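Inspection log for the structure reproduced underneath, given as structure tokens.
The values are calculated or read from the model by the stated rules, or taken from the named source; none is laboratory data. Everything numeric here is computed off the predicted structure, so don't read it as measured data. Every residue, glycine among them, receives a Cβ derived from its backbone with ideal geometry; neighbour counts consider all protein chains shown. Remember, those area values only see protein heavy atoms, side chains included, never the ligands or the DNA or RNA. Shrake-Rupley method; radii C 1.70, N 1.55, O 1.52, S 1.80 Å.
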Amino acid sequence: MKYSYLLLLSFVWGMYYIFNKIAVQYADVFTVGIFIRVLVFIILSFILFFRKRIKELKIIKIAFKELFLIGFLGFLLDIFAFLGLNYSTASNGSLLLKSDIFFTDIISLFLGVRFTSFDLFGSISMILGILLVLNVDFANLSFNFGDIFFILSALFISLNAFLIKYVQKKYKIKNMIIAFYNNFFAMLFFIFISYKFSDRFFEFKGTIFLLLAGICQFLIYILYYYNLHKFPIWIVRTFLLFTPVFVTIIGTLFLNEKMIFVQIIGIFLILFGGFIIILKQKGVKS
């Protein structure tokens, strides 16, 4: 199926969110960020070594600024999301972090992408479904200074996607190499910030969740870059709206969380919107 890797990406991202959420109960976000990126660094290094592709890392000489910026943006989107959770509410974050789809659409329009009425209808259906799945309480929503961090995180997510796509096309750099430098530079920034601000030691019993989160992060790099290369960016970001659906279903099945009727309606709206987009995007080239 043409869109199977997009759905797989959403599922893996959902699993990453769950494992990361559990992991931060045993360590601060800086420690978790370092552990995950060090693990991914090791995995990617081994793969490149055994495939005899280490020499390909030299390509950084022709695209150092772009690869460095990709890693920096990757770090920023994580750290601003964390700051948002510290200065605002999780409900505000769950809503505002989804604004990346609007930034993506706006940038796409400036780059000449044209949307059909079916594209817009499908996207709106999925966004409405997300609001229901997240069970957003609009009555208690209030904008505050901390929400700016969530919006900035969403903006950096979109900018990072376009920069990755640009590097893929201009320099013909392999996805594995982009992933390596994205993770490497983000890891360096997390180490520096952790040295300055980390104040909580890691608890050993959380190791399994950190390992699982790290493996999911590695898979996200592989699947995300593959999909960015194959599809228009707005399609990839739109299909990532399926992530909360997988999180909600997994939480209901394995974490003893309850799914309410409104969330079920939201899931159907997301599936319907995704179906409309798939139906109208057959044959679209990235």
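Estimated at 0.36 nm per residue, the fully extended path between F192 and F275 surpasses their Cα-Cα distance by 25.5 nm. Dividing the helix sum by the residues of the chain, where each DSSP H run of 4 or more adds -39500 (n - 2.57), gives a mean residue ellipticity at 222 nm of -25500 deg cm²/dmol. Rounded, prolate or oblate: which fits the stretch 1-44, taking a ≥ b ≥ c as square roots of the Cα gyration tensor eigenvalues, rounded meaning a/c under 1.5, else prolate when a/b beats b/c? Taking the square roots of the gyration eigenvalues as a ≥ b ≥ c, the stretch 1-44 is oblate. Taking F268, F50, F209 as the candidate residues, the one with maximal mean-square fluctuation in a Gaussian network model of the chain, Cα springs under 10 Å, is F50.
On a per residue basis, the chain carries 52 Å² of accessible surface, using protein heavy atoms and a 1.4 Å probe.
Between S45 and K21, what FRET efficiency comes out of the Förster formula 1/(1 + (r/R0)^6) with R0 = 22 Å and r the beta carbon distance, rounded to 0.05? Result of the calculation: an efficiency of 0.20. Apolar share of the accessible surface for the chain: 73 percent from carbon plus sulfur atoms, 1.4 Å probe. Cut-off 10 angstrom, C-alpha nodes, Gaussian network model of the chain. Which of I36, I62, I106 fluctuates the most? Comparing I36, I62, I106 in a Gaussian network model of the chain, the most mobile one is I62. Computed over the chain with a Gaussian network model linking Cα atoms closer than 10 Å, the most mobile of R237, R51, R114 is R51.
Ignoring aspartates and glutamates fewer than eight residues from K205 along the same chain, the ones with Cα atoms less than 20 angstrom from its Cα are D28. Here the scattering of the chain is modelled by Debye summation over its C-alpha atoms, one equal scatterer each and no solvent; at q = 0.13 Å⁻¹ the log10 of I(q)/I(0) is -0.94.
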